[in-house]
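Undergrad: The structure that follows is given in the form of structure tokens.
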Amino acid sequence: MKKGLILEGGAMRGLFTCGVMDVLMENDIEFDGGIGISAGAVFGCNYKSRQHGRPRRYNETFCRDKRYCSLHSLITTGDLYGADFCYREVPLYLDPFDAEAFEKNPMEFYVGATDVRTGKCIYHLCTDGLENDTQWMRASASMPLVSRVVKIDGYELLDGGIADSIPFEFMESQGYDRNVIVLTQPKTYQKGKNKLLPLMKIVLRDYPLLIETMANRHIIYNHQLREIAKREKKGISFVIRPPEDLKIGRVEKDPNEMERVYQIGRREAEKRIDALKHFLSEEYEVKEDVNMSREKIREHIQFFGTVQGVGFRFQAMMAAEQLGLTGYVKNEGDGSVTMEIQGGKEEIDAALDMIGSSRFIEIEKTLRKQIPLDEYESGFSADYW
């Protein structure tokens, strides 16, 4: 059994996560590893360093400081959250981060950031909590439009939530089979299409693959929520989430509002702590394997409309890769596109949504039929003859 802690981002909604983490630390809950995305990264690192209350404290202390987060910082430095103040002055001098304790704790801690060149999430294992790790945490939390691209270890990176908002599949791929997932949206939440996408297409026009990932983010995120709900129902994962919308913005200047959200996190964790301890105990029996033997199908689909010369095959490859599907896609002589695609039905439907979300593709008609599985197929390819 490998116990994992998975922390969603969400800017100041992350104060909910801080409340949860503090209750877990007070109850001596230990994990073999964890991963944080965006705010989940910069706040979650304190779980490994065992610094109870630290992110709550520095957020409430410095939220009105223009060096911490302000329009002044955005104009003068290019970052809404001042990089030098947040990632040097605070952790080194004003509210020191315990890098020594971080390094000594055997708990693994990963952060995820989005590669702006490929639109994919890059996962980094933090080892010592020093400069390199800190810059990866900064990259993970660098929101597009209000942050500079972070260049580190040969990558150009922005917010990890763009490509992988809730990285439970990554943790499962690392062998973590008893995962606690902390979300910052209520159970009824469904993400809509990003209203700022037209602006992002202008400002981030040098990164077309990043734009494609952003355009599909709501589809992938909602798919992740459905998968997490399945894991929760089957007892494979333990989920802590707010009971309702936290009603706090990405930027918050009121320490009382921050404290309000923090206390909601505490209350939710306190209500669930006994069940959480049981879930993480040796006595707990998982009824189904983490892979949850879902039914796999294969479909032959033909698309008609404006589907050639508009990036259809590339969009299909991106969707299939993100959703773990196999198959192929190719152009036909009559102007249509043919695709064979294999995997779970929900994943196939999500892939079709992602393909259709491109502003250049206009699908007028589809012909779908289920065909026999190809048990030996691996990967998804495009025929570019």
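Undergrad: Spot the failing condition for Thr188; the list is (1) touching a residue at least 40 places away in the same chain (Cβ under 8 Å); (2) assigned to a loop (DSSP other than H, G, I, E, B), and only one is missed.
TA: (1)
Undergrad: Could you list all residues from the range 337-353 that are of a type outside the set (Val, Ile, Thr), surrounded by fewer than 19 Cβ atoms within 10 Å (Cβ to Cβ) and touching a residue at least 12 places away in the same chain (Cβ under 8 Å)?
TA: Taking the range 337-353 and keeping what is of a type outside the set (Val, Ile, Thr), we get 339-340, 342-347, 349-353.
Remaining after also requiring surrounded by fewer than 19 Cβ atoms within 10 Å (Cβ to Cβ): 340, 344-346, 349, 353.
If the condition is that a residue be of a type outside the set (Val, Ile, Thr), surrounded by fewer than 19 Cβ atoms within 10 Å (Cβ to Cβ) and touching a residue at least 12 places away in the same chain (Cβ under 8 Å), then Glu340, Gly344, Lys345, Glu346, Asp353 are the ones that fit.
Undergrad: If I ask for residues that are assigned to a loop (DSSP other than H, G, I, E, B), surrounded by 11 or more Cβ atoms within 10 Å (Cβ to Cβ) and acidic (Asp, Glu), which ones from the range 359-385 would you list?
TA: Asp374, Glu377
Undergrad: On the given criteria, is Tyr207 open to solvent by 20 Å² or more (accessible area, probe 1.4 Å), modelled with pLDDT of 95 or more and on the phi < 0 side of the Ramachandran plot? Can you show your working first?
TA: Values: open to solvent by 20 Å² or more (accessible area, probe 1.4 Å): yes; modelled with pLDDT of 95 or more: yes; on the phi < 0 side of the Ramachandran plot: yes.
Yes.
Undergrad: Select from the range 17-33 the residues that are crowded, with 24+ Cβ neighbours inside 10 Å and in contact with a Leu (Cβ under 6 Å, 6 or more places away or on another chain) and list them in ascending order.
TA: The one that is crowded, with 24+ Cβ neighbours inside 10 Å and in contact with a Leu (Cβ under 6 Å, 6 or more places away or on another chain): Thr17.
Undergrad: May I ask you to list the residues in the range 141-190 that are more than 26 Å from Gly324 (Cα to Cα), polar (S, T, N, Q) and open to solvent by less than 20 Å² (accessible area, probe 1.4 Å)?
TA: The answer is Ser142, and nothing else.
Undergrad: List, please: which pairs have Cβ atoms under 6 Å, are six or more places apart or on different chains, and start with a residue in the range 139-166 that is over 14 Å from Gly78 (Cβ atoms) and touching a residue at least 12 places away in the same chain (Cβ under 8 Å) and end with one that is of a type in the set (Asp, Glu) and open to solvent by less than 20 Å² (accessible area, probe 1.4 Å)?
TA: From residues that are over 14 Å from Gly78 (Cβ atoms) and touching a residue at least 12 places away in the same chain (Cβ under 8 Å), the pairs are Tyr155/Asp115; Ile166/Glu8.
Undergrad: Looking at Gly356, Gly305, Gly327, which one is surrounded by 14 or more Cβ atoms within 10 Å (Cβ to Cβ) and free of Cβ contacts under 8 Å to residues at least 24 places away in the same chain?
TA: The conditions single out Gly356.
Undergrad: Let me ask you something else. If a residue has to be touching a Phe, Trp or Tyr at 6+ places or on another chain (Cβ under 8 Å) and either open to solvent by 30 Å² or more (accessible area, probe 1.4 Å) or of a type in the set (Ser, Thr, Tyr) (or both) to count, how many in the range 125-140 make the cut?
TA: Residues flagged as touching a Phe, Trp or Tyr at 6+ places or on another chain (Cβ under 8 Å) and either open to solvent by 30 Å² or more (accessible area, probe 1.4 Å) or of a type in the set (Ser, Thr, Tyr) (or both) within the range 125-140 amount to 5.
Undergrad: Quick check on the range 236-246: of everything there that is assigned to a loop (DSSP other than H, G, I, E, B) and over 12 Å from Leu15 (Cβ atoms), which residue is most open to solvent (accessible area, probe 1.4 Å)?
TA: In the first step, residues of the range 236-246 are kept if they are assigned to a loop (DSSP other than H, G, I, E, B); the result is 236, 241-246.
Add one more test, that the residue is over 12 Å from Leu15 (Cβ atoms), and what stays is 236, 241, 243-245.
On the way: Ile236: 3, Arg241: 37, Pro243: 85, Glu244: 122, Asp245: 80 Å².
The residue in question is Glu244.
Undergrad: Related question: Mind listing whichever residues of the range 223-235 are at negative phi and surrounded by fewer than 16 Cβ atoms within 10 Å (Cβ to Cβ)?
TA: Going through the range 223-235, the residues at negative phi turn out to be 223-234.
Of everything in the range 223-235, those that are at negative phi and surrounded by fewer than 16 Cβ atoms within 10 Å (Cβ to Cβ) turn out to be Arg226, Ala229, Lys230, Glu232, Lys233, Lys234.
Undergrad: I'd like to check which strands (runs of 3 or more DSSP E) are fully inside the range 76-181 and have at least 1 residues that are among the hydrophobic types (A, V, I, L, M, F, W, C) and under 17 Å from the mean Cα position of the chain (by Cα). Give the steps one after another, and end with the answer.
TA: Details: elements: 108-115, 121-126, 150-152, 155-158.
Filter on the range 76-181 gives 108-115, 121-126, 155-158.
Undergrad: For residues that are open to solvent by 30 Å² or more (accessible area, probe 1.4 Å), of a type outside the set (Ser, Thr, Tyr) and within 17 Å of Arg260 (Cβ to Cβ), tally how many sit in the range 50-66.
TA: 4
Undergrad: Hey, does the range 357-365 have a residue that's charged (D, E, K, R), in contact with a Lys or Arg (Cβ under 9 Å, 6 or more places away or on another chain) and either under 21 Å from Pro167 (Cα atoms) or modelled with pLDDT of 90 or more (or both)?
TA: Taking every residue of the range 357-365 in turn, none turns out to be charged (D, E, K, R), in contact with a Lys or Arg (Cβ under 9 Å, 6 or more places away or on another chain) and either under 21 Å from Pro167 (Cα atoms) or modelled with pLDDT of 90 or more (or both).
Undergrad: How many of the residues in the range 238-256 are free of Cβ contacts under 8 Å to residues at least 12 places away in the same chain and more than 15 Å from Pro186 (Cβ to Cβ)? Lay out the reasoning, then the answer.
TA: Filtering the range 238-256 down to residues free of Cβ contacts under 8 Å to residues at least 12 places away in the same chain leaves 247, 256.
From the residues that got through so far, the ones that are more than 15 Å from Pro186 (Cβ to Cβ) too are 256.
Number of matching residues: 1.
Undergrad: Please specify each residue of the range 321-352 satisfying the condition of being in contact with a Ser or Thr (Cβ under 7 Å, 6 or more places away or on another chain) and among the small types (Gly, Ala, Ser).
TA: Residue satisfying the conditions is Gly343 alone.
The values are calculated or read from the model by the stated rules, or taken from the named source; none is laboratory data. Note that the coordinates shown come from a computational prediction; the quantities given were computed from them, not determined experimentally. Neighbour counts are summed over all protein chains in view; Cβ atoms, including those assigned to glycine, are modelled from backbone coordinates with ideal geometry. When the accessible area is computed, the model is the full protein with side chains, heavy atoms only, and any ligands, DNA or RNA have been set aside. Shrake-Rupley method; radii C 1.70, N 1.55, O 1.52, S 1.80 Å.
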